[in-house]
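The values are calculated or read from the model by the stated rules, or taken from the named source; none is laboratory data. Quantities reported herein were computed from a predicted structural model and do not represent experimental measurements. Positions of Cβ are backbone-derived with ideal geometry, glycine not excepted, and every protein chain shown enters the neighbour counts. Side chains are part of the model used for accessible areas, which takes the heavy atoms of the whole protein and leaves out ligands, DNA and RNA. Shrake-Rupley method; radii C 1.70, N 1.55, O 1.52, S 1.80 Å.
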Amino acid sequence: MGEPRRGVDGAVIDEATKWFALLRSDAATDEDRRAFEAWRDADPRHAEAYEGTLSIWDDVGELGDLKDLVAAPEIARGRPQSRRAFVYGALAAAVGFAVILPAIIYAQPAWLLPNVHATPTAQTAQIALPDGSVADLAPKSKVRVAYSDGERRIYLQSGEAFFDVRKGDARAFIVASGETEVRVTGTKFNVRQGPAGVTVSVAEGEVEVRRRAPRSGAEALSAAQERLSAGEQVAAPVSGDGLTDVVEAPPATIGSWRVGRLAYKGAPLREFIADANRYSRIPIVADENLLELPLVASLRTDQIDATIDGLPDILPLEVDRSRRDRIVLRSAAEGAP
């Protein structure tokens, strides 16, 4: 069951709950939505608490038909339902008790409700979004969809996704992954959450990529911001607060996993391993000192096993398949030819 991380105090959680209730009510105005965005961006704890609220709403919705329950009318601005009561209600439902969900859950049209979409190992999926946009999910990927009257927001929680955003909708289309946000109105782009960080590549149109700064208090909105055009790519590395330099990325290669191809032009071996583990039924691990080795390769996704067996020909490593529960890439023995 989704929860904000420890360290987010009760007052912030209550504020997040209040915003959650207000934004999903008919009473929310454009001024309210602007005030919410200012509150969310003022402190990373605010965004974390609000995302935790959405996550619990997702989990409750996945229990069955609970999304159809109607809210009690006494909810109003400034009177948020207790987060604790909300969580307890969800937990009770999860274990099969007959409960009436707390009044924080508003009855809304189905297209306004957050939805979770996930793919298993070696399988992709195409998700039709409520506004006519399309999201292609790579294997072992997960997104949460949270549309509202003010914005179209997608949370990439793991893996990789390619977005074809419908033009003509005045609402901003936002993809959030960790501290990174991508904002567009109509374009095609790929977002990958990998071991080294979040990478954004643009196939068509333009996007704005920004990364929130770790901070306390209401300080600058972001540590870094870049505007990308078609054929450009930028990353928000795990080790650091900003964004990398913008580099070229041929549009034809962006999201090539959708047609069953993976390509690496000097990418660290850890990136290939992360991708391969989305297709391999047997987990692949490697010695720590091998993870940053640069790899140049182009392969079909059905050639991953063969590529692994061929790695010793191009990198100083050995492939150990002696265990049934994993494939281990080890440093080549000293003195080996």
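Selection within segment 168-211: residues that are small (Gly, Ala, Ser) and more than 16 Å from the chain's Cα centre (by Cα). The member of this set that is surrounded by the most Cβ atoms within 10 Å (Cβ to Cβ) is 203. For segment 277-288: of the residues being open to solvent by 30 Å² or more (accessible area, probe 1.4 Å) and assigned to a loop (DSSP other than H, G, I, E, B), which is farthest from residue 159 (Cα to Cα)? Out of the qualifying residues, it is 287. Applying the criterion of being at pLDDT 90 or above and surrounded by fewer than 17 Cβ atoms within 10 Å (Cβ to Cβ) to the residues of segment 212-230, the residue that is farthest from residue 181 (Cα to Cα) is 229. Within segment 293-329, the only residue that satisfies the criterion of being of a type in the set (Ser, Thr, Tyr) and farther than 18 Å from residue 253 by Cβ is 322. Residues that are farther than 27 Å from residue 124 by Cα and surrounded by 10 or more Cβ atoms within 10 Å (Cβ to Cβ) within segment 295-320 comprise 312, 314, 315, 316, 317, 318, 319, 320, listed in sequence order. Residues considered: 235, 267, 274. Of these, the only one that is of a type in the set (A, V, I, L, M, F, W, C), in a strand (DSSP E or B), open to solvent by less than 50 Å² (accessible area, probe 1.4 Å) and in contact with a Gly (Cβ under 6 Å, 6 or more places away or on another chain) is 235. Of everything in segment 139-166 that is part of a strand (DSSP E or B) and of a type in the set (Val, Ile, Thr), the residue that is nearest to residue 182 (Cα to Cα) is 154.
The condition (being over 22 Å from residue 256 (Cβ atoms), in contact with a Leu (Cβ under 6 Å, 6 or more places away or on another chain), among the hydrophobic types (A, V, I, L, M, F, W, C) and at pLDDT below 95) is satisfied by just one residue among 110, 103, 146: 146.
Here is the figure for segment 236-265: residues that are of a type in the set (Val, Ile, Thr) and more than 17 Å from residue 189 (Cβ to Cβ) total 1.
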